[in-house]
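Where a number appears in this text, it was derived from the coordinates with a stated rule and is not lab data. Treat the numbers as computed from the prediction; the structure is a model and nothing was measured. Because the Cβ atoms are built from the backbone with ideal geometry, glycine has one as well, and the counts that use them run over all protein chains shown.
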Amino acid sequence: KIEIILPSSELDRVLPALEEIVCEGIVTVREIEARSHKTRKRLLPRQLKVKNVMTASPTKVTMSTPLSEVTQLLLSSVFNGVPVVDKNDPPGGIGTQEDLIYRADLPMRLGLLAKSDQEKVETVLDGLASRKAEEIMTSPVISIKEDEVATEAVKLMIKKKLKRLPVLNERGKLTGMLS
């Protein structure tokens with residue numbers, strides 16, 4: 001078993017080479033839930049900053065974006081959460097698959113919906129069109145500054161049990177996401 005941990009932004013670059021190397025077995029890509037992290041050696045170099053490992057210029061939606069658009073965005077993406085920003089761009093929350101299921105009554109997970117026939121998808125999207133992202137987003141949002149060290153982001157995500165973390169610049173503008 002070989003386990004590779006890397007920023008999701010590097011996946012498209014690394015995966016083709018990895019698939020070429022594996023001549024027998026299975027390659028999987030999945031989310032993990034980190035409970036704790038211990039190592040005798042540093043997994044992340046002390047000087048590594050959040051801005052060096054984040055996904056820069058993340059896709060985002062506004063508070064008034066219809067849930068049908070949020071759902072379409074998540075259906076066509078590799079991620080299942082999106083920052084929700086106000087008119088001045090600081091994130092006011094995060095809209096996730098779980099928010100859509102539990103707060104907007106999405107009838108199934110995004111992966112299942114994506115595999116459904118087009119008529120079913122359109123019916124679900126029509127049912128979400130009248131509601132806005134701000135109605136279901138998780139808030140307040142916990143974020144981190146891009147100049148923080150990456151180990152602090154890891155500690156924060158583990159402590160707060162976060163799957164994703166918006167990254168802000170010194171002016172409070174969204175510049176990236178960690179997941």
Other-chain or far-sequence residues with amide H under 5 Å of Gly92's (modelled H):
Val84, Val85, Asp86
List every residue whose amide H lies under 5 Å from the amide H of Lys132, counting only residues 5 or more places away in sequence or on a different chain, with H placed 1.01 Å from N in the peptide plane.
Leu67
So if I take the alpha carbon set of region 107-179, get Rg, then get Rh from the Kirkwood formula, what is the Rg over Rh ratio?
1.13
The list (i) 1.05; (ii) 1.11; (iii) 1.00 gives values of Rg/Rh (Cα atoms, Kirkwood Rh), and only one came from this structure; which label was calculated from it?
(iii)
How long is the gain from Lys115 to Lys159 if the chain were fully straight, where each residue apart is worth 0.36 nm and the alpha carbon distance is subtracted?
12.4 nm
Could you work out [θ]222 nm for the chain from helices alone, using -39500 (n - 2.57) per DSSP H run of at least four and dividing by all its residues? Round to the nearest 500 deg cm²/dmol.
-9000 deg cm²/dmol
How many Lys pairs in region 79-174 lie less than 16 angstrom apart by Cα atoms, where the lysines are 8 or more positions apart or on different chains?
5
Mind listing the phi-derived Karplus ³J(HN,Hα) values for region 160-172, rounded to whole Hz, using 6.51, -1.76 and 1.60 with θ = phi - 60°, and x for any glycine or proline?
8, 6, 9, 8, 9, 9, x, 10, 10, 8, 5, 8, x
Please list 3J(HN,Hα) in residue order for region 121-133, calculated via the Karplus relation 6.51 cos²θ - 1.76 cosθ + 1.60 where θ = phi - 60°; whole Hz, with x for glycine and proline.
4, 5, 4, 5, 4, 4, x, 9, 4, 7, 9, 10, 4
Mark the label point 7 Å from the Cα of Asn88 along Cα→Cβ and return the residues of region 136-179 whose backbone N is within less than 12 Å of it.
171-173
Region 51-143, dipole about Cα centre (Lys/Arg Cβ +1, Asp/Glu Cβ -1), debye to the nearest 20
300
